[in-house]
């Protein structure tokens, strides 16, 4: 217990702890003591009790994918009767709707389409920037970059440079899943290794494109592998400083080949958040995923070191198609933050605070701003593959 207390105190004060010490905290530290240390760390890093959120829209340009990840309920194989591609006009229409509802960011993501190379993404990003120059494109991930490079037979560095020039502002942490070799091969044997995912992130950071980092937990990975995932991210952050935030989320078990229930309890998820806050002395922001763990656990996470409550996603199809049914209105999300004894504030992609809602009288009032549950799934009535 003395060793745990020493590690907690050192980490809360901003000291660097080892992966072994992080695993000790994750598996053995008393829950409330761990949470308290993480919250001290949050206050030291953030400096106040403001919790941010963002308004954005996840727009999927295709569900056709050759990677066939076992946890994914969204993709369809090439030539599948339920496969589809959105036209550029439809993508731009959805961007326009998002802007009208106050979105500042769009996430353009989709499957690894066998015909979509760098040229496709150049056309996509440049069209969005042409019509909506103020809309931040926080999109795709290293897996898409690896795929487009292969399709177009160009190097990773060239792909990054070209899509950045076309308008990509920021890279999403998509495709991380689990970075350690054993669980990654079990989940996505056709996807690039975790080390390659991180190498692509590092190349992007070196070209001036910052990103987020994510983790999907709950598919049977061990506590050690969860902490190893954090270590791999922190090692890159030591060199680049390009990760703005860390966002863990839980596997959703419907309509995919893994099936079974999520193998991560709410307590495990909350403990992981607190451990991440103490381990990531060099990553400023920590975001919880109320979409996957639910609003109650999401609200509790604000006392576990979290300073960002994620987004009101005007559209989300990928996680929703696997069973995530948690949706929210903007007013409800703000109330969850406020009743957790935090001050809500809308942010942009760079975590700059656009509007701080000091009192309820400051709260925006627009009932149109609400998160959708898998509009595509509803439209197409997608069934288990």
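The values are calculated or read from the model by the stated rules, or taken from the named source; none is laboratory data. Just so it is clear, the model here is predicted, and its values are computed rather than measured. No Cβ is skipped: glycine too gets one built from the backbone with ideal geometry, and neighbour counts run over all protein chains shown.
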Note down all Cβ pairs under 6 Å where the first residue falls in region 96-124 and is under 21 Å from residue 82 (Cβ atoms), the second is part of a helix (DSSP H, G or I), and they're at least six residues apart or on different chains. 112/147
For region 250-270: of the residues being surrounded by 23 or more Cβ atoms within 10 Å (Cβ to Cβ) and at pLDDT 90 or above, which is nearest to residue 171 (Cα to Cα)? 250
For region 105-123, the count of residues that are part of a loop (DSSP other than H, G, I, E, B) and within 16 Å of the chain's Cα centre (by Cα) equals 1
The correct count of residues that are outside any helix (DSSP H, G or I) and crowded, with 17+ Cβ neighbours inside 10 Å in region 200-246 is 17
So which residues in region 179-191 are surrounded by fewer than 20 Cβ atoms within 10 Å (Cβ to Cβ) and farther than 23 Å from residue 269 by Cα, if there are any at all? 189, 190
Among residues of region 339-363 being part of a loop (DSSP other than H, G, I, E, B), at pLDDT 95 or above and touching a strand residue (DSSP E or B) at 6+ places or on another chain (Cβ under 8 Å), the residue surrounded by the most Cβ atoms within 10 Å (Cβ to Cβ) is 342
Condition check for residue 282: modelled with pLDDT of 85 or more, under 28 Å from residue 209 (Cβ atoms) and in contact with a helix residue (DSSP H, G or I) (Cβ under 6 Å, 6 or more places away or on another chain): yes
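Is there a residue being closer than 21 Å to residue 250 by Cα and either surrounded by fewer than 19 Cβ atoms within 10 Å (Cβ to Cβ) or in contact with a strand residue (DSSP E or B) (Cβ under 6 Å, 6 or more places away or on another chain) (or both) anywhere in region 37-45?
Residues of region 37-45 that are closer than 21 Å to residue 250 by Cα, as a first pass: 38.
Pick out the ones that are also either surrounded by fewer than 19 Cβ atoms within 10 Å (Cβ to Cβ) or in contact with a strand residue (DSSP E or B) (Cβ under 6 Å, 6 or more places away or on another chain) (or both) and you get none.
The answer is no, given that none of the residues of region 37-45 is closer than 21 Å to residue 250 by Cα and either surrounded by fewer than 19 Cβ atoms within 10 Å (Cβ to Cβ) or in contact with a strand residue (DSSP E or B) (Cβ under 6 Å, 6 or more places away or on another chain) (or both).
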Against the condition surrounded by fewer than 17 Cβ atoms within 10 Å (Cβ to Cβ) and within 30 Å of residue 348 (Cβ to Cβ), how does residue 3 come out, does it pass? no
Kindly check whether there is at least one residue in region 156-169 that is crowded, with 18+ Cβ neighbours inside 10 Å, in contact with a strand residue (DSSP E or B) (Cβ under 8 Å, 6 or more places away or on another chain) and within 17 Å of residue 63 (Cα to Cα). no
Identify, from the list 14, 102, the residue that is assigned to a loop (DSSP other than H, G, I, E, B), more than 21 Å from the chain's Cα centre (by Cα) and either at pLDDT 95 or above or under 30 Å from residue 357 (Cβ atoms) (or both). 14
Anything in region 224-242 that is more than 19 Å from residue 171 (Cα to Cα) and without any contact (Cβ under 8 Å) to a residue 60 or more places away in the chain? List them, or say none. 225
Within region 54-64, does at least one residue satisfy the condition of being touching a residue at least 24 places away in the same chain (Cβ under 8 Å) and not in a strand (DSSP E or B)? yes
Tell me which of these residue 321 doesn't satisfy, since it passes every other one: (1) modelled with pLDDT under 95; (2) in contact with a strand residue (DSSP E or B) (Cβ under 7 Å, 6 or more places away or on another chain); (3) buried (at least 23 other Cβ atoms within 10 Å of the Cβ). (2)
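Condition (residue is within 24 Å of residue 94 (Cα to Cα), in contact with a strand residue (DSSP E or B) (Cβ under 7 Å, 6 or more places away or on another chain) and at pLDDT below 95) applied to region 174-181: is it met by at least one residue?
Within region 174-181 (the criterion being within 24 Å of residue 94 (Cα to Cα), in contact with a strand residue (DSSP E or B) (Cβ under 7 Å, 6 or more places away or on another chain) and at pLDDT below 95), the answer is yes, since at least one residue qualifies.
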Given (1) crowded, with 23+ Cβ neighbours inside 10 Å; (2) within 30 Å of residue 167 (Cα to Cα); (3) in contact with a strand residue (DSSP E or B) (Cβ under 6 Å, 6 or more places away or on another chain); (4) modelled with pLDDT of 95 or more, identify the lone condition not met by residue 289. (4)
